[in-house]
Amino acid sequence: MNKRILQTGLVCAGILGLSGCINVAAPEEPIVIELNVNIRAEVLYRLAEDASNTIDENADIF
Amino acid sequence: MTLTPKTSIRKTILAVIAGPVAGLVVMSAFAAPAMAQRDPAYAAARASGTVGEQLDGYLGVVGQATPGLQDMVNDINIKRRTVYTRKARENSATVEQYATTAGCQAIARTVPGEKYQAPDGSWKTRTDAQPERLPICP
């Protein structure tokens, strides 16, 4: 009986520990980098057509 | 309104003159951008791979720079920066963002034999295959 309580307690502690770990370990840095890449790529996509026209219109320097 | 023979002739003459004139204006409007061609020295430098397209939207000297070659590259890059600055302002972007976008396109437009800068910074020779470009390129 005591053993069973102990086991349940250990399992609970394990789950709590795990969830605690996941919360604490959630890394902020990679997420920030990801956002920066997305924003930059989005800007480049927005400018793509205009830049293409610019190259055509200035064929002497491209 | 009745057309007298005189006004009818006048209209015909007007149409005969106006037609070709309008045509010329339209043709010159289309021909204007194609008029600006690369300087022969620049075209030769590209073809021989002594200059290449950089990731940042500017031209670079590949290998040993001679004073003449460096002057030519600087001259082109000053002109490019002027264009990038104006266009960036028009599009509410930074000069760097606009220049990088143009760099993506300029690298994509290289022809086999020309040099371009790969994402790792090294110079590559363009082949028939697609060039290696930055992952953020459109």
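Which of rounded, prolate, oblate describes segment B:62-111, given a ≥ b ≥ c as roots of the alpha-carbon gyration tensor eigenvalues and a/c under 1.5 marking rounded, otherwise prolate only if a/b is larger than b/c?
The shape class here is oblate.
Please average, across the residues of B:96-109, the number of beta carbons from any other chain that are within 10 Å of each residue's own beta carbon, and give a whole number.
Working: counts 0, 6, 6, 2, 5, 11, 10, 2, 5, 11, 4, 0, 2, 4.
Average per residue, whole number: 5.
Looking at the square roots a ≥ b ≥ c of the eigenvalues of the Cα gyration tensor of segment B:25-138, which shape do they give, rounded for a/c under 1.5, prolate if a/b is larger than b/c, or oblate?
rounded
Take the alpha carbon gyration tensor of segment B:76-138, find the square roots of its eigenvalues, order them as a ≥ b ≥ c, and report rounded if a/c is under 1.5; if not, report prolate when a/b exceeds b/c, else oblate. Walk me through the numbers on the way to the answer.
Details: a/c = 2.50, a/b = 1.90, b/c = 1.32.
Prolate shape, in that a/c is at least 1.5 and a/b is the bigger ratio.
Exposure proxy check: B:LYS87, B:LYS124 ranked by fewest other beta carbons within 10 Å? Let's see the in-between values first.
Values: B:LYS87 22, B:LYS124 17.
Sorted ascending by nearby Cβ count, the order is B:LYS124, B:LYS87.
Taken together, the values in this text are just the output of simple stated rules run on the coordinates, not laboratory data. Predicted model, so just to flag it, every value in this text is computed and none were measured. As a convention, Cβ positions derive from the backbone with ideal geometry for all residues, glycine included, and neighbour counts pool all protein chains shown.
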